[in-house]
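*Asks:* Here you go, one structure.
The values are calculated or read from the model by the stated rules, or taken from the named source; none is laboratory data. Since we're looking at a predicted model, the values are computed, not measured. All Cβ positions, even for glycine, are placed from backbone atoms using ideal geometry, and neighbour counts span all protein chains on display. Remember, those area values only see protein heavy atoms, side chains included, never the ligands or the DNA or RNA. Shrake-Rupley method; radii C 1.70, N 1.55, O 1.52, S 1.80 Å.
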Amino acid sequence: MELIDTHSHIDLPIFKNDFREVLHRARMAGVVAQVLPGVTRSGWNRILQLSDEEQDLFPAIGLHPMYLSDHGRDDLQLLQQRASAGDLVAIGEIGLDYFVKDCNRSAQQELFEAQLAIASKAALPVLLHVRKAHDQVQATLRRLHFTEGGIVHAFSGSLQQAEHYIKLGFLVSICGTITYDRATRIRSVAAALPLNSLVLETDSPDIPPASHHGERNSPEYLTEVALSLARLRDVPVSHIAEKTSNTVRALLSL
């Protein structure tokens, strides 16, 4: 069984002391590839370095909407340069986050649109971070006629919102949330959508599965996400692994 983690932050300092062990355990669990999204410029170099050193790690750098104060004036220019260099599989994670009160929505919007323009110019898909802003993100994608597609990271919206993303050329990413019995909405969405529109992620070190609640999440736990999805859809887990991995490879050219 081969699995692909479409959203893993194992580049972060929380994994510094046992990075090699974490990577080894993920590989032993069948995780054959991990996409490492960037959130601030300060983290890009490590992502690019790790992706250069390890053949199963792939870089997708971007400027996260929640860290506006960390982004500098020249960051977009550097992102454009990196995107043009041809070593990225996507731009991300980018998007809109209205979950936090008093967020600067206009600044988020400006940053989001600028990065969509960079992705369009480089013909790269995007990894979307969206909280409480699905309608706004979808309206932006339509208005800018963004056609490169991408992945909606850790999707938590409605079935209708998921279907709208799919029509816009996006995949919906399922994470450890579906392992919780109380997560009825996302579990029903994961069961209802076409399997060829779904991919898997851990979002390590965040969103651990139910069996590791309160712990640091790890890419090796992607197997539990796959198993939960297989049970929800009443299909073999090997089928989930094959279909989701093939879908990711096609989108990101892995």
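*Asks:* Using a Gaussian network model of the chain whose springs link C-alpha atoms within less than 10 Å, name the residue from Gly38, Gly169, Gly62 with the highest mean-square fluctuation.
*Replies:* Result for the chain, Cα springs under 10 Å: Gly169 fluctuates most.
*Asks:* Treat segment 3-252 as a sphere of radius equal to its Kirkwood radius over Cα pairs and apply Stokes-Einstein at 4 °C in a medium of 1.567 mPa s; give the translational diffusion coefficient in µm²/s, rounded to a whole number.
*Replies:* D, rounded to a whole number, is 72 µm²/s.
*Asks:* Mean residue ellipticity at 222 nm from the helices of the chain, using -39,500 (n - 2.57) per DSSP H segment of n ≥ 4 over the full residue count, to the nearest 500 deg cm²/dmol?
*Replies:* Result for the chain: -13000 deg cm²/dmol, rounded to the nearest 500.
*Asks:* Filter the GluC sites (Glu not before Pro) in segment 167-226 to those in DSSP coil with at most 16 other Cβ atoms within 10 Å of their Cβ, and list the result.
*Replies:* On the way: sites: Glu201, Glu215, Glu220, Glu224; in loops: Glu201, Glu215.
Here the sparse-neighbourhood loop sites are Glu215.
*Asks:* What is the distance, in nm, between label points placed 7 Å from the Cα along the Cα-to-Cβ direction at Lys16 and at Tyr180?
*Replies:* 3.0 nm
*Asks:* Just to confirm, what accessible area per residue do you get for the chain at 1.4 Å probe, in whole Å²?
*Replies:* 45 Å²
*Asks:* If the reach is capped at under 27 angstrom between alpha carbons, list the lysines near Lys101, excluding any in the same chain fewer than eight residues apart.
*Replies:* Partners within reach: Lys132.
*Asks:* Moving to a separate point now. Going through segment 1-76, which trypsin sites (Lys or Arg not before Pro) have at most 11 other Cβ atoms within 10 Å and a DSSP loop state? Each step should come with its number before you reach the end.
*Replies:* Values: sites: Lys16, Arg20, Arg25, Arg27, Arg41, Arg46, Arg73; in loops: Arg73.
The qualifying sites are Arg73.
*Asks:* Something else about it: Length gain on complete extension for the stretch Glu163 to Ser197, per 0.36 nm per residue less the alpha carbon to alpha carbon distance?
*Replies:* 11.3 nm
*Asks:* Which length gain, in nm to one decimal place, applies between Leu68 and Glu113 when the Cα-Cα distance is subtracted from 0.36 nm times their residue separation? Write down the numbers at each step before the final one.
*Replies:* Values: separation 45, 0.36 × 45 = 16.20 nm, distance 1.41 nm.
The Leu68-Glu113 span can extend by a further 14.8 nm.
*Asks:* Do any trypsin sites (Lys or Arg not before Pro) in segment 144-197 lie in a loop, going by DSSP, with at most 16 other beta-carbon atoms within 10 Å of their beta carbon, and if so which? Can you show the working numbers first?
*Replies:* Numbers: sites: Lys167, Arg182, Arg185, Arg187; in loops: Arg182.
The qualifying sites are Arg182.
*Asks:* Got the relative contact order for the chain handy, in percent, Cα pairs under 8 Å and 6 or more residues apart?
*Replies:* 20 percent
*Asks:* Separate question: Leaving out ligands, DNA and RNA, what percent of the accessible area of segment 115-224 is carbon and sulfur, probe 1.4 Å?
*Replies:* 50 percent
*Asks:* Return the tail of the calculated pair distribution for segment 1-56, meaning the percent of Cα-Cα pairs more than 14 Å apart.
*Replies:* Details: 829 of 1540 pairs.
Taking all Cα-Cα pairs of segment 1-56, the fraction more than 14 Å apart is 54 percent.
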